[in-house]
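Just so you know, all these numbers are worked out from the coordinates, no wet-lab data involved. Remember, predicted model here, so these are calculated numbers, not experimental data. Neighbour counts are summed over all protein chains in view; Cβ atoms, including those assigned to glycine, are modelled from backbone coordinates with ideal geometry.
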Amino acid sequence: MGFEVVYQGIRLTPAQIVAAAVDEDVHVVGLSVLSGSHMNLVPEVLDGLRAAGLGEVPVVVGGIVPPSDAEALTALGVAAVFTPKDYGLTEIMRGIVQIVRTANGLDRA
């Protein structure tokens, strides 16, 4: 798919994630949250990205996220939420590519 993945490790703070996004000039931020803390951590990352001038960078979330939380995260600005029911890797990657294309005005009219 042409992705360059910059893996920063596990258990990062929202501030560390935002700093990495700024330093690496990313096109998308992917968060995997398996601790159940997605409703606390993801909004902090979104707020941090906006404060750093990266509010237009899409954020995708993966993990065990109940449907009602997925809806709430989407309402906060998360571009997509992937859960264990989303196991088609090719479809997920295509979806992320489309999210990046849309965010950067690269959709064909």
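Backbone N atoms of region 60-79 closer than 17 Å to the 7 Å Cα→Cβ label point of Tyr87 belong to residues 63-65.
Put simply, the amide H of Val29, placed in the peptide plane, has neighbours under 5 Å in Val59, Val60, leaving out anything fewer than 5 places away on its chain.
If you take all other residues with their beta carbon under 14 Å from the beta carbon of Ile92, and give Lys and Arg +1 and Asp and Glu -1, the sum is 0. Against the empirical curve 2.2 N^0.38 Å, the C-alpha radius of gyration of region 54-97 lands at a ratio of 1.15. Projecting the Cα atoms of Leu54, Val28, Gly88 onto the charge dipole of the chain, computed from C-beta unit charges around the Cα centre, puts Gly88 farthest toward the positive end. The separation of region 16-63 from region 79-109, counted between C-alpha centres, amounts to 16 Å. I need the shape label for the chain. Rule: rounded when a/c is under 1.5, else prolate if a/b > b/c, else oblate, with a, b, c from the alpha carbon gyration tensor. Rounded, because the longest to shortest axis ratio a/c is under 1.5. Between Glu71 and Glu56, the simple spin-label model (points 7 angstrom out along Cα→Cβ) gives 3.1 nm. One decimal place: the segment Arg94-Leu12 gains 26.9 nm when fully extended, by the rule 0.36 nm per residue minus the C-alpha distance.
As a calculated quantity, the FRET efficiency between Arg101 and Glu24 at R0 = 22 Å, using C-beta atoms, amounts to about 0.70.
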